Every structure is written in structure tokens, then in C-alpha cells.
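Engineer: This is the structure I have questions about; it appears just below.
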Amino acid sequence: MKKILFAASEAVPFIKTGGLADVVGSLPKYFNKEYFDIRVVIPKYMCIPEKFRNKMQYKAHFYMDFNWQQQYVGLLEMEYEGV
């Protein structure tokens, strides 16, 4: 099984400011799940509707070096329409 990660700043229906959100929000659904493990990663913006934020579950966290300091990075997971 091949693994594909879509990392973007936006994805429909969570957050949309332009056309990228349409592509990232729709394209992953069309891959054959038998052959591809598709994941989408977006930032957890405060403007993401609460109905989605409440369904996100904590998976892990780590710290990353950023501008000479340690920055917290939390990973949350949610499945939406099979992705």
C-alpha cells in the first residue's frame, strides 16, 4: 500500500480562503483506498468550526526547534468522509 500525505494550509470543509482548499478537500476522496493510504494535514486554526474541532482526538505531540526556541507541535486526528 502506498502512503500519500497532503500537507496544506486549508481544506474544505474545515477552512477555505482559496482554490487550494477545494483541491485538498476533494482530491483525497478519489484515491482507491485499497491501494493508497491517504492523509491530510492542516493547521488547527481557531476559525475551524467547533463541530469539527470537538471531534478531533489527540494522537501525539513533540517539540520542534523554531527561531532558537522549542515550539510545541500537537497532532490531532479526525476522519472525515473516509479520509
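Only the coordinates and a few stated rules stand behind these numbers; no lab work does. Computed from a prediction, not measured in an experiment: that's the story for all the values here. Please note: Cβ atoms are built from the backbone with ideal geometry, for glycine as well, and neighbour counts cover all protein chains shown.
Engineer: Using the crude model of +1 on Lys and Arg Cβ and -1 on Asp and Glu Cβ, and no other charge, please compute the dipole size for the chain relative to its Cα centre, in debye to 20.
Structural biologist: So the magnitude is around 100 debye.
Engineer: On full extension of the chain, what length is gained from Tyr45 through Asn32, given 0.36 nm per residue of separation minus the C-alpha to C-alpha distance?
Structural biologist: Roughly 1.8 nm would be gained on extension.
Engineer: Further, regarding this structure: Just one of (i) 1.28; (ii) 0.99; (iii) 1.04 is Rg/Rh (Cα atoms, Kirkwood Rh) calculated from these coordinates, so which is it?
Structural biologist: Of the labelled values, this structure produces (ii).
Engineer: Counting pairs of alpha carbon atoms under 8 Å apart in space and at least six apart in sequence, what relative contact order in percent does the stretch 2-77 give?
Structural biologist: Result for the stretch 2-77 is 27 percent.
Engineer: Here is a further query. Based solely on its DSSP helices, what 222 nm [θ] is calculated for the chain when runs of n ≥ 4 H residues each add -39,500 (n - 2.57) and the sum is averaged over all residues, nearest 500 deg cm²/dmol?
Structural biologist: Computed ellipticity for the chain at 222 nm equals -3500 deg cm²/dmol.
Engineer: Also: Arg53 to Met1: FRET efficiency via 1/(1 + (r/R0)^6), r the Cβ-Cβ distance, R0 35 Å, to the nearest 0.05?
Structural biologist: Efficiency, from the Cβ-Cβ distance: 0.75.
Engineer: How many percent of DSSP beta bridges within the chain run antiparallel, rounded to 5?
Structural biologist: Of those bridges, close to 60 percent are antiparallel.
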